[in-house]
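What follows is a set of notes on a single structure, which appears directly below.
The values are calculated or read from the model by the stated rules, or taken from the named source; none is laboratory data. These numbers were taken from a predicted model, which means no experiment stands behind them. In this analysis, Cβ positions are derived from the backbone assuming ideal geometry, glycine residues included, and neighbour counts consider all displayed protein chains.
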Amino acid sequence: MSRFELAIALPPDYRRQDVFTFHGRDAEGLAERIDARTIRKGVMADGVPAVLGIDLGTHPDRALCTVDIDAARLPAQVEGMLLNVLGLRIDPAPFEAQVADDPLFAPLVAREHGLRVIQSASVFEALSWAVIGQQINLAFAISLRRTFISLAGCAHPDGLWCYPDAEDAARLDLDQLTSRKFSRAKAETLLRLARLLADGLLPLDRDADLHEVGERLLAVKGIGPWTVNYGLLRGYGFADCSLEGDVAVRTAIARLLGTAERPNLAEAAAFLANYRPHRTMAAAHLWASLS
């Protein structure tokens, strides 16, 4: 087992608690272990189990990171995973500048200055989490995620489970999921996605045109606009995702506008369009306004 060390610079207004909150959603800590200053997260890197360690409590201006992996050299994708986990893909400053005089969003930004979009470690983790979370409450989604990890993932020597990659997930049988509370439709979509990725039939390279990526994903049976936008947000850090399909976003828009009913999809899309090309940050502040 090798340990690699690297440091990642953090901006002056970096909000550490947001990172702990997002990655600490599963209180059982199957694939993530959180304490007051550190995060340890199990991932698959080039098909090898690895644990990302992130110390956010030692230095004010940088994250001290370790990677424990049975490999002679650090896989190239790992630094990108760390940037995702730390939420460093989208700079919040351009959105904050855009809405500085906006009567609706300026007060939200004042309360949550520096808010960032925290991401999943990999594109597959983001997309599979989006599929798992479709049309169910968060607690149940976290429970299904834990089941998925235990079925398709593998344990790292330090005790954490590593979130599976597409190749691992593709080897699951439908009955393994449906017998553990996955609906048939959700299980089929999850396996369809994993097998397309594992077989190289759904290229989702990080440097690809994200509009093309979205179109490819929409062509997969069981994946709709909300799943695509959420996956682009959490997987790629795409700055202009339109989340009108998210119930919480529409609830927050209604509260912001002081209306009794949530806007419909078209109305919410029209509202969010005012904040292009920073609709992802608009959604992040709408989510935060409900907390």
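Here are LEU232, LEU204: which of them is in contact with a helix residue (DSSP H, G or I) (Cβ under 7 Å, 6 or more places away or on another chain), among the aliphatic types (A, V, I, L, M), closer than 24 Å to LEU88 by Cα and assigned to a loop (DSSP other than H, G, I, E, B)?
After applying the criteria, what remains is LEU204.
Determine whether LEU52 is at pLDDT 95 or above, more than 21 Å from TYR236 (Cα to Cα) and over 13 Å from the mean Cα position of the chain (by Cα).
no
Which of the residues spanning the range 235-253 are assigned to a helix (DSSP H, G or I) and under 17 Å from ALA266 (Cα atoms)? Lay out the reasoning, then the answer.
To start, the set of residues in the range 235-253 that are assigned to a helix (DSSP H, G or I) comprises 235-236, 247-253.
Correct list: VAL247, ALA248, VAL249, ARG250, THR251, ALA252, ILE253.
Only one residue in LEU172, LEU193, LEU127, LEU108 is at pLDDT 95 or above and over 30 Å from LEU286 (Cα atoms), so which one is that?
LEU172
Out of the range 55-72, which residues are within 20 Å of ALA155 (Cα to Cα) and either without any contact (Cβ under 8 Å) to a residue 40 or more places away in the chain or more than 25 Å from the chain's Cα centre (by Cα) (or both)?
ASP70, ALA71, ALA72
If you go through the range 82-95 one residue at a time, do you hit one that is farther than 19 Å from ARG234 by Cα, out of contact with any His (no Cβ under 8 Å at 6 or more places or on another chain) and among the β-branched types (Val, Ile, Thr)?
No, the conditions are met nowhere in the range 82-95.
Restricting attention to the range 216-224, does a residue exist that is farther than 22 Å from ALA141 by Cα and charged (D, E, K, R)?
So far as the range 216-224 goes, yes, one or more of its residues are farther than 22 Å from ALA141 by Cα and charged (D, E, K, R).
Just the residues that are in contact with a strand residue (DSSP E or B) (Cβ under 7 Å, 6 or more places away or on another chain) and either of a type in the set (Asp, Glu) or not in a loop (DSSP other than H, G, I, E, B) (or both), please, taken from the range 20-44.
Listed by number, the residues that qualify are PHE20, HIS23, ASP26, GLU32, ARG33, THR38, ILE39, ARG40, LYS41, GLY42, VAL43, MET44.
So is ASP26 at pLDDT below 95 and within 21 Å of the chain's Cα centre (by Cα) or not?
yes
Would you mind finding the one in LEU115, LEU82 that is of a type outside the set (Lys, Arg) and touching a strand residue (DSSP E or B) at 6+ places or on another chain (Cβ under 6 Å)?
Working: LEU115 fails: touching a strand residue (DSSP E or B) at 6+ places or on another chain (Cβ under 6 Å).
Sole residue among the options that is of a type outside the set (Lys, Arg) and touching a strand residue (DSSP E or B) at 6+ places or on another chain (Cβ under 6 Å): LEU82.
Would you confirm whether any residue within the range 208-226 is closer than 25 Å to GLU96 by Cα and among the charged types (D, E, K, R)?
No, the conditions are met nowhere in the range 208-226.
May I ask you to list the residues in the range 44-65 that are more than 18 Å from GLN17 (Cβ to Cβ) and either out of contact with any Asp or Glu (no Cβ under 8 Å at 6 or more places or on another chain) or among the small types (Gly, Ala, Ser) (or both)? Quick ask: steps written out before the conclusion?
Pass one, the range 44-65, residues more than 18 Å from GLN17 (Cβ to Cβ): 44-53, 65.
If the condition is that a residue be more than 18 Å from GLN17 (Cβ to Cβ) and either out of contact with any Asp or Glu (no Cβ under 8 Å at 6 or more places or on another chain) or among the small types (Gly, Ala, Ser) (or both), then ALA45, ASP46, GLY47, ALA50, LEU52, GLY53 are the ones that fit.
Go through the range 257-284 and give me each residue that's in a helix (DSSP H, G or I), over 19 Å from LEU138 (Cβ atoms) and either of a type in the set (Ser, Thr, Tyr) or touching a helix residue (DSSP H, G or I) at 6+ places or on another chain (Cβ under 7 Å) (or both).
To start, the set of residues in the range 257-284 that are in a helix (DSSP H, G or I) comprises 257, 265-273, 279-284.
Okay, now just the ones that are also over 19 Å from LEU138 (Cβ atoms), so 257, 265-273, 279-282.
Once the filter is applied, which keeps residues that are in a helix (DSSP H, G or I), over 19 Å from LEU138 (Cβ atoms) and either of a type in the set (Ser, Thr, Tyr) or touching a helix residue (DSSP H, G or I) at 6+ places or on another chain (Cβ under 7 Å) (or both), the range 257-284 yields ALA268, PHE271, LEU272, ARG279, THR280, MET281, ALA282.
Please go through the range 171-202 and pick out each residue that is within 30 Å of ARG3 (Cα to Cα) and surrounded by fewer than 19 Cβ atoms within 10 Å (Cβ to Cβ).
Once the filter is applied, which keeps residues that are within 30 Å of ARG3 (Cα to Cα) and surrounded by fewer than 19 Cβ atoms within 10 Å (Cβ to Cβ), the range 171-202 yields ARG171, ALA198.
Based on this model, can you work out whether PRO49 counts as in contact with a Cys (Cβ under 9 Å, 6 or more places away or on another chain) and not acidic (Asp, Glu)?
Yes, satisfied.
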